[in-house]
1. Looking at the range 9-38 only, could you name the residues that are more than 27 Å from GLY71 (Cβ to Cβ) and open to solvent by 70 Å² or more (accessible area, probe 1.4 Å)?
2. Which residue pairs have Cβ atoms closer than 9 Å, lie 6 or more positions apart in sequence or on different chains, and pair a first residue in the range 40-69 that is more than 30 Å from ALA2 (Cα to Cα) with a second residue that is among the charged types (D, E, K, R) and assigned to a helix (DSSP H, G or I)?
3. Testing SER6 on (1) at pLDDT below 85; (2) under 30 Å from MET99 (Cβ atoms); (3) surrounded by 10 or more Cβ atoms within 10 Å (Cβ to Cβ), one condition comes back false. Which one is that?
4. Restricting to the range 71-99, and then to whatever is β-branched (Val, Ile, Thr) and either touching a Pro at 6+ places or on another chain (Cβ under 7 Å) or at pLDDT below 95 (or both), can you tell me which residue is nearest to PHE42 (Cα to Cα)?
5. Return the pair list, or none, for Cβ contacts closer than 9 Å from residues in the range 71-100 that are within 30 Å of ILE38 (Cα to Cα) to residues that are not in a helix (DSSP H, G or I), at least 6 apart or on different chains.
Amino acid sequence: VAPLASYIAVRYCAEPGQEDQLQIAVWVHLVFSVLGLIVLLFVPKTSSDYQIWPATPVPFHMRYVRYVFWGVVMGSKWLLATYIFRAVYLAMLELDIAMP
């Protein structure tokens, strides 16, 4: 709920002349979103409603390899996305397309 509320605050502060409030709202939204992502990734549901079968015990080194693998995959996706967004932004500037 907190990321949704902070996103609404970001959209509200996106009006012209509210750059200071927008900067704060964006940071608050980032913090809430990162905390929510961490909880979803690292804090499993423990209620019996969500467990169809018991969790298989995994050795620490195998868990470490899995997390490193997925960290590299997600990091690569993030890096590629930043390159794509930068290329699109530079193309928009070069083509003199109206910026929002």
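The values are calculated or read from the model by the stated rules, or taken from the named source; none is laboratory data. Predicted, not measured: the structure shown is a model, and the values here were computed from it. In this analysis, Cβ positions are derived from the backbone assuming ideal geometry, glycine residues included, and neighbour counts consider all displayed protein chains. Just the protein is used for accessible areas: all its heavy atoms, side chains included, with ligands, DNA and RNA removed. Shrake-Rupley method; radii C 1.70, N 1.55, O 1.52, S 1.80 Å.
1. ARG11, TYR12, GLU15, PRO16, GLU19, ASP20, GLN21, GLN23, ILE24
2. Hits for this filter: VAL58/ARG66.
3. Condition not satisfied by SER6: (1).
4. Within the range 71-99, the subset β-branched (Val, Ile, Thr) is 72-73, 82, 84, 88, 97.
With either touching a Pro at 6+ places or on another chain (Cβ under 7 Å) or at pLDDT below 95 (or both) added as a condition, the list becomes 88, 97.
Values: VAL88: 34, ILE97: 42 Å.
Applying the filter and picking the extreme gives VAL88.
5. Between residues of the range 71-100 that are within 30 Å of ILE38 (Cα to Cα) and residues that are not in a helix (DSSP H, G or I), the close pairs are TYR89/MET99.
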